[in-house]
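What follows is a short report on a single structure.
Values in this text are rule-based calculations from the coordinates and carry no lab data. Quick caveat: nothing in here was measured; it's all calculated off a predicted structure. So basically every Cβ, Gly included, is an ideal-geometry build from the backbone, and we count neighbours across all protein chains shown.
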Amino acid sequence: MEKYYTYILQNPGKKFYIGQTNNLSKRVLRHNTNTVKSTKNRGPWTIVHFETYSTRANAMKREKQLKHWRRELIINLITSNM
């Protein structure tokens, strides 16, 4: 059964990027090799949080939700899992 991920990346400038994928390691590699337009030349990116879902629809729903959160809520989510 395929898994889908919603993830949060952070760069050294403390910027966040939120996305979803079915291959987390490959997707992070793409961010860090500047093949993703929205994060190009802003890395290196580190995974600071991810969640696993059984369907792409659920991962996309969570991605959309997180993208509407204020920065402080995202920081609370990340730090609560440490």
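Calculated mean residue ellipticity, 222 nm, the chain: -11000 deg cm²/dmol, from DSSP H runs (n ≥ 4) at -39500 (n - 2.57) each, averaged per residue and rounded to 500. Based on Cα contacts under 8 Å between residues 6+ apart, the chain shows a relative contact order of 36 percent.
Note that the stretch 5-14 has calculated 3J(HN,Hα) couplings of 10, 9, 9, 10, 10, 9, 9, x, x, 6 Hz, one per residue in order, obtained from phi through the Karplus relation 6.51 cos²θ - 1.76 cosθ + 1.60 (θ = phi - 60°); glycine and proline are x.
On the principal axes of its alpha-carbon atoms, the chain has extents of 33, 28, 22 Å, going from largest to smallest. A cut-off under 15 angstrom between Cβ atoms defines the neighbours of Ala57, and their net charge, with Lys, Arg +1 and Asp, Glu -1, is +2.
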